[in-house]
Structure formats: C-alpha cells, structure tokens
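Pasting in a structure now, in structure tokens, and then I'll have a few things to ask.
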Amino acid sequence: MEKYDALKLEKQLCFPLYAVSKEIVKKYKPYLDELDLTYTQYITMMVMWEYKEMNVKELGEHLYLDSGTLTPVLKKLEQKGWVKRNRAKEDERVLIVTLTAEGEKLRDKAVEIPQKVGGCVCLDQEEAASLYKILYKILGNM
C-alpha cells in the first residue's frame, strides 16, 4: 500500500456522501423554487408541519443545525408569513417557533415533492430502507 493511498478521493466514504447529498438537493431545487423555498427552509418547514411549535434549540437538534445557521432561515420564513418567532413567557432566553395558518397551507403545495424527488434515486424499497438505517446510524454516532 502506497503511503498516500488514504488521501485518494476514491478511498473516502465522506466524498460520495457529500456528492450524493449535493446532487439530491439539486433535484429538489425546481420543486422548491416553485414554493419560494431553499432546501434548508424546506426541511425546517417539514419539522414545523410535524410539530407545529417548538423552541429553536429543539428545532436545531431535529435538523442537525446550530442556531447561527437556523436564525436567518427562521427570519426568512417569518418574513414570508409561514412561521412566527416569540420569546417564551417563562424564560425570555428561549425562542419559540410556531407554524402559522399560511405555513400550514404551504404543506398542501409541498406534499408531492418527496415522491417526485424519490423517483430520481433509483433504489428499490429494501435498498432505500437499508441506506436510511445506515445513514441514521452514522448520524447517531457523530
């Protein structure tokens, strides 16, 4: 084994993960453009559609994002009228994010996006389930 083999791109697990992620996000773009959403705004809205209300820290934990990344995303979503941000009454340091009625309506427009994008991945159900399990195992160990 050559001394620098470990530095070859084809030896890196992180590279295909990065490249696939980037390519999949590209597939989302035309559908998200129709809704005036970035991918990060879209995954934020997915969590909000599910939970309706939560604090920024919990939201960041769901999305694996820090508050520095999440704050501008939430400001933009609030400007669009899809979420509201308010300080918690019991502790003003805690910022609560709440889905608005307009944000809930956006869900109806977004409901077909996963199926449209899922078709481009070309995995059968078993392969997709296996990949999902492996990826979440990696995330859990980070």
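Could you tell me how many of the residues in the range 59-81 are in contact (Cβ under 8 Å) with a residue 24 or more places away in the chain, among the basic types (Lys, Arg) and surrounded by fewer than 13 Cβ atoms within 10 Å (Cβ to Cβ)?
First pass over the range 59-81, keeping only residues in contact (Cβ under 8 Å) with a residue 24 or more places away in the chain: 59, 64-65, 69-70, 73-74, 76-77, 80.
Among the residues that remain, those that are also among the basic types (Lys, Arg) are: 76, 80.
Imposing the further condition that a residue be surrounded by fewer than 13 Cβ atoms within 10 Å (Cβ to Cβ) reduces the set to none.
Residues that pass the stated criteria total 0.
Please work out which one of (1) farther than 24 Å from Tyr136 by Cα; (2) at pLDDT below 95; (3) out of contact with any strand residue (DSSP E or B) (no Cβ under 8 Å at 6 or more places or on another chain) is the condition Leu9 fails and give its number.
For Leu9, the exception is condition (1).
Still on this structure: Going by what's in this entry, would Glu102 be described as touching a residue at least 12 places away in the same chain (Cβ under 8 Å), touching a strand residue (DSSP E or B) at 6+ places or on another chain (Cβ under 8 Å) and either surrounded by fewer than 15 Cβ atoms within 10 Å (Cβ to Cβ) or on the phi > 0 side of the Ramachandran plot (or both)?
So Glu102 fails the test.
Within the range 73-108, how many residues are farther than 15 Å from Leu37 by Cβ, among the charged types (D, E, K, R) and not in a loop (DSSP other than H, G, I, E, B)?
3
Here is a follow-up. Which residue out of Leu59, Leu37, Leu70 is assigned to a loop (DSSP other than H, G, I, E, B) and within 30 Å of Ala128 (Cα to Cα)?
Numbers: Leu59 fails: assigned to a loop (DSSP other than H, G, I, E, B); Leu70 fails: assigned to a loop (DSSP other than H, G, I, E, B).
Of Leu59, Leu37, Leu70, the one residue that is assigned to a loop (DSSP other than H, G, I, E, B) and within 30 Å of Ala128 (Cα to Cα) is Leu37.
Output the residues belonging to the range 37-83 that are at positive phi and basic (Lys, Arg).
Scanning the range 37-83 gives a single hit, Lys52.
If a residue must be modelled with pLDDT of 95 or more and of a type in the set (D, E, K, R), how many such residues does the range 88-107 contain?
Here the count works out to 4.
I'd like to know if the range 21-43 contains one or more residues that are closer than 30 Å to Val94 by Cβ and among the small types (Gly, Ala, Ser).
For the range 21-43, residues closer than 30 Å to Val94 by Cβ and among the small types (Gly, Ala, Ser): absent.
Which number in (1) of a type outside the set (Asp, Glu); (2) within 18 Å of Leu32 (Cα to Cα); (3) modelled with pLDDT under 90 marks the one condition that Met142 misses?
Every listed condition holds for Met142 apart from (2).
The values are calculated or read from the model by the stated rules, or taken from the named source; none is laboratory data. For clarity, every value in this text was computed on a predicted model and none was experimentally measured. Quick reminder, even Gly has a Cβ in these numbers, built from the backbone with ideal geometry, and neighbours come from all protein chains shown.
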